[in-house]
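Working notes, structure below.
What follows draws every value from the coordinates through simple rules; no lab data is involved. Since the model is a prediction, treat every value here as computed from it, not as a measurement. As a convention, Cβ positions derive from the backbone with ideal geometry for all residues, glycine included, and neighbour counts pool all protein chains shown.
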Amino acid sequence: MNRFLLSPLLGLLALGASAQYADMRVGLLRNTSTRQVMVMGDGGPLTIWADGKQVGELASTDGMVLKATPGGIEARSLMLVINAGKSLVFRSPAGRGFRMRSVAPKTPEHAYPGSLELGLVNGSFRLVATVPLEEYVGGVVQAEAGKEQWMEYYKLQAVSCRTYALANKRRHAADGYEVCDGTHCQVFHGRNRVDSIRQAVALTRDLVVVDSDIQLIHATFHSNCGGETMNAEDVWSKSEPYLVSTLDTFCLHEPHAVWEKSVPRAKWLGYLRKLGVNTDDSEVVASVTSHVPECRELYLANIRPAVPLTQVRNDFHLRSAYFSIRPEGDMVVLRGRGFGHGVGLCQEGAMNMARKGYGYADILHHYFANVHLVKLQNLDFFRNDGM
Ligand SMILES: [Zn+2]
Ligand SMILES: [Zn+2]
């Protein structure tokens, strides 16, 4: 197919896809049993819809208190009294969005883009914000990456958060929305207020990360890999072609590069004995109390039976499963590298790469193997191509 024919076709595909991906339905305050909330327009009026019918308009200067009651939703403002049986929706005709906080229990007020839907589940509110995808991405990057990062790091976060959102649209299907606003999915406290984040989101607009089968990737990350990332299957027993071990020098001098923990020798040997290790064998004891790995290993000190280092990490609450062991009196000293599970993107390494001037695509390719950046409007096109 020549270029001339291809471009109008891509245009049509883009139209179809952008409608499909345009909004995210985000469940707010999922872990709070909210029975009373305060809602107001964010610099503009809100139209109010009770059980599907428009019943009024909340002026930009007015605020509304809503209560969940056994009979439905009671809403009251300076000017209005409204009762709804099942649902109440606030829309912002001027596109300014809304502000909301929970009154009981108390939560901080946030400004959200999009519209708000209140329903009732077991006597409490189910709060769902319908937010344009790009605004959702900006809010998540602000909440998760924080202020004062480098532009390329923000761009990296933007494509990762966008990819996660679209890959997880079914995660809360049973709850009546797509993603929640907490750490279970991606933290979202409403509209982003940081200019450089807004710019990073705009400059990566619609871009997502896919693997060689054009599937959205699980952009897994951790704090610091200690110099070498892990294969996914060595940590979670499921492999992904893009989550493969790679050497990383960018994180070696970052804040979480090394750690140390002392464990009483008797406790250490007692623990290994319980796992079937023969601690009466002096050679075995010498190995498990003095060992320096040259690179990441999967099992403790090459002894039998094999003791997975991820298990040791969990049982001793270690920062990572990448450490050396040396004896010191009646203690053994574990000296480790990195922080976290070690799979996928190493955050401190990625921040350092951004600081050193690497582009966000270079950073992405450094930590994820054989991935591609594509416009989400073109996903269906690439997937159907050649079928
Ligand atoms: Zn969630
Ligand atoms: Zn690293």
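Compute the separation of the alpha-carbon centres of segment 300-340 and segment 230-265 and state it in Å as a whole number.
Result: 13 Å between the Cα centres.
Can you tell me how segment 258-337 classifies by the Cα gyration tensor, rounded, prolate or oblate, using a/c under 1.5 as the rounded cut?
On the way: a/c = 1.42, a/b = 1.21, b/c = 1.17.
Rounded, because the longest to shortest axis ratio a/c is under 1.5.
Please state the charge dipole magnitude for segment 3-132, taken about the Cα centre, from unit charges on C-beta atoms (+1 on K and R, -1 on D and E), reported in debye and rounded to the nearest 20. Intermediate values should be presented prior to the final figure.
On the way: 14 positive and 8 negative charges, 56 e Å.
Value, rounded to 20: 260 debye.
Between GLY176, SER239, TYR360, whose Cα lies farthest towards the positive end of the dipole of the chain when Lys and Arg beta carbons carry +1 and Asp and Glu beta carbons carry -1, centred on the Cα centre?
Farthest towards the positive end: GLY176.
Once the dipole of segment 92-219 is set up with Lys and Arg at +1 and Asp and Glu at -1 on Cβ about the Cα centre, which of THR107, GLY138, ALA219 lies farthest towards its positive end?
THR107
Which value, in nm² and rounded to one decimal, describes the direction-averaged projected area of the C-alpha convex hull of segment 3-132?
Details: hull surface 38.4 nm².
Projected over every direction and averaged, the Cα hull of segment 3-132 covers 9.6 nm².
Explain nothing, just the number: dipole magnitude of segment 258-337 about its Cα centre with +1 on each Lys and Arg Cβ and -1 on each Asp and Glu Cβ, in debye rounded to the nearest 20.
320 debye
To two decimal places, what compactness ratio does the chain give when its Cα radius of gyration is scaled by 2.2 N^0.38 Å? Please list the in-between numbers first.
Values: Rg = 25.8 Å, N = 387, 2.2 N^0.38 = 21.2 Å.
The value comes to 1.22.
Any lysines with Cα under 28 Å of the LYS67 Cα? List them, leaving off those in the same chain fewer than 8 positions away.
Output for LYS67: LYS53, LYS86, LYS106.
Give the residue list of GluC sites (Glu not before Pro) in segment 73-163 that are DSSP loop and have at most 16 other beta-carbon atoms within 10 angstrom. Don't skip to the answer; put the middle values down first.
Details: sites: GLU74, GLU109, GLU117, GLU134, GLU135, GLU144, GLU148, GLU152; in loops: GLU109, GLU148.
Counting only loop positions with at most 16 other Cβ atoms within 10 Å, the GluC sites (Glu not before Pro) in segment 73-163 are GLU109, GLU148.
For segment 258-337, with the dipole built from +1 on Lys and Arg beta-carbon atoms and -1 on Asp and Glu ones, taken about the Cα centre, which of TYR322, VAL284, VAL307 lies farthest toward the positive end?
The listed residue farthest towards the positive side: TYR322.
Run the dipole for the chain about the Cα centre, Lys and Arg Cβ at +1, Asp and Glu Cβ at -1, nothing else charged, and hand back the magnitude in debye, nearest 20.
Roughly 1000 debye for the chain.
Ordered by packing density, taken as the mean number of other Cβ atoms within 10 Å over each peptide's residues, highest first, how do 287-300, 192-205, 153-166 rank?
Highest to lowest by the protection proxy: 153-166, 192-205, 287-300.
Hull surface divided by four, with the convex hull built on the Cα atoms of segment 268-387: how many nm²?
On the way: hull surface 47.6 nm².
Directional mean of the projected Cα hull area for segment 268-387 stands at 11.9 nm².
Cross-link candidates for LYS169: which lysines have Cα within less than 18 Å, leaving aside residues fewer than 8 places away along the same chain?
LYS375
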